[in-house]
Amino acid sequence: MAIPYAVIGAVALAVHGAPRYSADIDLMVADTKVLDRKFWSNAPIFPTELRRGDWDDPLAGLAVFPIAPGAMPVEVVVGKGYAVRFALETAHENAQLGCPVVTPLGLALLKLEAGGTRDIHDLLALDEAQQALTGWSLTHAVEPHIDKLSQDAQSAWVRLKAFLSAETKLQVDDTSRIVPTAPPAKPKEAPPTEEPGSRGRSR
């Protein structure tokens with residue numbers, strides 16, 4: 001591909017330690033030329049569908065490719081705005097995939113712009129995974145960029161922080177809960193020795 005691109009979506013989540021199922025592979029670009037049929041005229045594969053987003057759509061469009069036998073379908077997502085530019089500029093080449101993948105922060109900004117329920121859950125999983133792997137904090141990483149995102153993304157950030165605060169409170173409650181200690185078991189007493197002829201007496 002002759003224009004800047006990067007892997008996003010579930011594959012990027014898996015690269016950063018938060019795998020989940022996906023039925024396709026998503027690539028992000030910012031160049032709307034990919035929505036022009038002429039762009040693919042000399043390519044070895046041609047998209048089966050080219051969609052252009054409306055003026056108020058967070059995406060500029062989408063290019064859908066045919067499914068090769070035994071392969072996952074590929075969609076080229078044409079984004080716009082600060083989050084897309086940042087994600088593409090900071091993407092790192094992944095040696096195993098042989099292509100650039102967005103960073104955790106780039107992925108987080110894209111997920112906020114998407115703003116769906118699954119995106120919020122993806123961000124919670126990304127935050128948990130990256131904290132365990134690298135000590136990375138989603139809140140500290142995202143805060144400096146919030147003012148540059150759309151109003152919808154900023155609203156999604158408010159919702160996400162509410163989830164993060166609730167999770168933090170639960171963790172604090174769990175660690176501060178006092179678990180009562182069971183009293184030490186009393187040693188078993190030896191059974192009383194029966195006196196000769198005591199069987200059958202009332203007690």
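Values in this text are rule-based calculations from the coordinates and carry no lab data. Being a predicted model, the structure only gives us computed values, none of them experimental. When we count neighbours, we look across all protein chains shown, and the Cβ atoms used for this are built from the backbone with ideal geometry, even at glycine.
When you work out D = kT/(6 pi eta Rh) for the stretch 6-175 at 25 °C and 0.890 mPa s, using the Kirkwood radius from C-alpha pairs as Rh and the Stokes-Einstein form, the result is 144 µm²/s.
Taking 7 Å steps out from each Cα toward its Cβ at Glu128 and Asp57 produces label points 3.3 nm apart.
Between Val101 and Val7, His92, Glu93, Asn94, the built amide H atoms are under 5 Å apart, and every one of these is 5 or more places off in sequence or on another chain. The stretch between Glu49 and His92 holds 12.6 nm of extra length on full extension. This uses 0.36 nm per residue minus the Cα-Cα distance.
Pairs of Cα atoms under 8 Å, at least six residues apart: use those to get the relative contact order of the stretch 6-175, whole percent.
Relative contact order, the stretch 6-175: 20 percent.
Evaluated with a Cβ-only charge set (Lys, Arg +1; Asp, Glu -1), the stretch 6-175 carries a dipole of roughly 380 debye about its Cα centre, given to the nearest 20. Each peptide among 79-87, 146-154, 64-72 gets the average number of other Cβ atoms lying within 10 Å of its residues, and from highest to lowest they stand as 79-87, 146-154, 64-72. The residue among Leu164, Ala14, Ala125 whose Cα reaches farthest toward the positive pole of the charge dipole of the stretch 6-175, with charges on the beta-carbon of Lys, Arg, Asp and Glu, is Ala14.
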